[in-house]
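Just so it is clear, none of the values below were taken in a lab; they were calculated from the coordinates. Note that this is a predicted model, so its numbers are computed, not measured. Virtual Cβ from ideal backbone geometry, glycine too; neighbours counted across all protein chains shown.
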Amino acid sequence: MLTEQKAVEVRKRVKRWRDIHQRVALVPTMGSLHAGHIALVKRAREVAERVVVSIFVNPMQFGPEEDFGAYPRTPDADRLQLAVAGVDMVFMPDADEMYPAGVDGVTRVEVPGISDVLDGASRPGHFTGVATVVTKLFNMVQPDVALFGEKDYQQLQVIRRLTADLCLPVEIAPLATVRELDGLALSSRNQYLSKVERAQAPLLYRTLKETAYAIRDGQRDYVALEKRAVGKLAAGGFQPDYVEIRQAETLVAPTAEETRLVVLGAARLGKARLIDNVPLDTRAPEDRTVSLSHPETVG
Ligand code: PAF
């Protein structure tokens, strides 16, 4: 496995691969890798001949009160996992490579509307930071396809939009959320949970799933469903940020006729802020019933 820190070296190598008609996949990450990232790498190997993984903890997407400094950084363990998973190249730029002029005052990529709701409302500037670094990574690596987990559902929709709006020649490939056996979505931030909180944590997914089932059963009073879900999380020891039922692509509030929906939730549990979601299509029950009742799990 190659390790590169400079974009110019990454580009040279990727150009050589593409010149011999090898398809190149990029898996952007912030490191602290877990089985969810490795599932993305596995999928990447299925859709491309060459796989590049980037590791960069992006300061632009953290708010001043957030955990940028404390965010777990495990580069040696990450490289080992990626080598075992058959990655061709890991790109580990430092902050000077990514932001030579610093973060303040540099060109940013704004995806209006969708960046300002839900997590964007709770974390002002977060999705501009994500959109900016992902655009830079696409330009630095120049992949044919890039893979993102559905766990960060809003992020995925922001990236789809920016790729379409800016005509970037990169295919966006989503992957279903990978979960623990009890349903908790894998996340680097799960390590912030105490033992007691870890036992409480699966309630987030359970509550979102129950809300999705209620919609599937024909309930259409979304405000009442959201309120009930928030109450359940609060009763279970969470400090809920939101539970919202939204249109699946635009993330605007749906009309009662809308069939492509997603139930999204965010809640604090101790030091961790957990997010999760359950997409559903009310016209195609069998489609999402599979992922509702049998999420991809790891042991
Ligand atoms: O999902 C993440 O890990 C990050 O938001 C991403 C896409 C790598 C951008 O920094």
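Cross-link partners among lysines for LYS271, C-alpha distance below 30 Å, same-chain residues fewer than 8 apart left out?
LYS151, LYS195, LYS209, LYS227, LYS232
Once a ≥ b ≥ c are taken as the square roots of the eigenvalues of the Cα gyration tensor of the stretch 132-230, is the result rounded (a/c under 1.5), prolate (a/b larger than b/c) or oblate (a/b not larger than b/c)?
In terms of gyration-tensor shape, oblate.
Among HIS21, HIS37, which comes first, second and so on when ranked by fewest other beta-carbon atoms within 10 Å?
The order, fewest Cβ neighbours first, is HIS21, HIS37.
When only alpha-carbon atoms are used, what values of Rg and Dmax, in angstrom, describe the stretch 145-299?
15.6, 47
Before rounding to the nearest 500, sum -39500 (n - 2.57) across all DSSP H runs of length at least 4 in the chain and divide by the residue total; then give [θ] at 222 nm in deg cm²/dmol.
Only helices count here, giving -11500 deg cm²/dmol.
Considering only DSSP beta bridges whose two residues both sit in the chain, what percent are antiparallel, to the nearest 5?
45 percent
Counting Lys and Arg as +1 and Asp and Glu as -1, what is the net charge of the other residues whose Cβ lies under 10 Å from the Cβ of ALA25?
Value of the local net charge: -1.
Which three extents, in whole angstrom, do the alpha-carbon atoms of the stretch 80-155 cover along their principal axes, largest first?
If we take the Cα atoms of the stretch 80-155, the spans are 39, 32, 23 Å.
Can you return the aspartates and glutamates within cross-link range of LYS136? Criterion is Cα-Cα under 12 Å, with same-chain partners fewer than 8 residues away left out.
Correct list for LYS136: GLU97.
Within a 10 angstrom radius of the beta carbon, how do ARG283, ARG73 rank from fewest other beta carbons to most?
Fewest to most other Cβ atoms nearby, the residues stand as ARG283, ARG73.
Expressed in whole Å with the largest first, what are the equivalent ellipsoid semi-axes of the chain derived from the C-alpha gyration tensor as the square root of 5 times each eigenvalue?
Ellipsoid semi-axes (Å, largest first): 32, 20, 20.
Arrange the following residues from fewest to most other Cβ atoms within 10 Å of their Cβ: ARG45, ARG161.
Going from least to most buried by this count: ARG45, ARG161.
For ASP221 paired with LYS6, estimate the spin-label separation in nm (one decimal), with each label point 7 Å from Cα along the Cα-to-Cβ line.
6.5 nm
So, counting K/R as plus one and D/E as minus one, what does the shell of residues with Cβ under 14 Å around GLU9 add up to?
Spelling it out: positives minus negatives among the neighbours equals +2.
With a sphere of radius 14 Å drawn around the Cβ of MET140, what net charge do the other residues whose Cβ falls strictly inside it have (Lys, Arg +1; Asp, Glu -1)?
Combined, the nearby Lys, Arg, Asp and Glu give +1.
Given 10 Å bins starting at zero, what is the percent of C-alpha pairs of the stretch 1-44 in each, up to the one with the largest pair distance?
The calculated distribution, bin by bin, is 22, 47, 29, 1.
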